[in-house]
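Each remark here refers to the structure printed beneath this line.
The values are calculated or read from the model by the stated rules, or taken from the named source; none is laboratory data. Values in this document were obtained by computation on a predicted structure and should not be read as measured data. Cβ: placed from backbone, ideal geometry, glycine included. Neighbour counts: every protein chain shown. Keep in mind that these areas ignore ligands, DNA and RNA; they rest on the heavy atoms of the full protein, side chains included. Shrake-Rupley method; radii C 1.70, N 1.55, O 1.52, S 1.80 Å.
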Amino acid sequence: MTASSRARATGGRAFEEDRPAPAFLAFHRQTWREVAHLLVNLPMALVGFGYVSLWLYAGVALSVTVVGLPMLALGLSGSRGLGRVERGRARALLRLGIEEPSP
């Protein structure tokens with residue numbers, strides 16, 4: 001008896017053996033890389049937000065002294081480092097060709 005005749009005999013319902021197995025883990029490697037990239041986005045965003053907030057608020061608060069402006073410049077160079085990490089993560093996980101920005 002074929003699958004279509006069995007489906008007709010049972011009122012249109014297919015048997016369990018006729019259904020394909022779930023392919024949950026059969027995704028392409030690139031899909032898993034993209035999922036990993038998305039899962040790491042939130043922690044990296046929180047680190048970046050905390051870093052920029054800390055240096056920005058401290059630099060602005062201390063800008064009335066001599067220490068504030070160099071502190072803002074130091075925070076900016078550290079932010080460029082965070083950008084370098086993000087570009088490296090995108091290159092590794094998403095296989096994107098992202099160029100470094102000009103200094």
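A few remarks follow.
- For the range 62-87, a residue qualifies if it is among the aliphatic types (A, V, I, L, M), in a helix (DSSP H, G or I) and open to solvent by less than 70 Å² (accessible area, probe 1.4 Å), and the qualifying residues are Met71, Leu72, Ala73, Leu82.
Condition check ((1) touching a strand residue (DSSP E or B) at 6+ places or on another chain (Cβ under 9 Å); (2) part of a helix (DSSP H, G or I); (3) of a type in the set (D, E, K, R); (4) surrounded by 12 or more Cβ atoms within 10 Å (Cβ to Cβ)) across all residues:
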position	(1), (2), (3), (4)
Trp32	no, yes, no, yes
Phe49	no, yes, no, no
Gly59	no, yes, no, yes
Arg89	no, yes, yes, yes
Ala92	no, yes, no, yes
Pro101	no, no, no, no
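- The residue pairs whose first member lies in the range 86-103 and is closer than 24 Å to Arg29 by Cα, whose second member is surrounded by 11 or more Cβ atoms within 10 Å (Cβ to Cβ) and among the small types (Gly, Ala, Ser), and whose beta carbons are closer than 9 Å, counting only pairs six or more residues apart or on different chains, are Glu86/Gly48; Leu93/Ala36; Leu96/Ala90; Ile98/Gly88; Ile98/Ala90.
- Residue pairs whose Cβ atoms lie under 9 Å apart, separated by 6 or more positions or on different chains, with the first residue in the range 31-46 and farther than 18 Å from Leu82 by Cβ and basic (Lys, Arg) and the second open to solvent by 100 Å² or more (accessible area, probe 1.4 Å) and not in a helix (DSSP H, G or I), are Arg33/Arg95.
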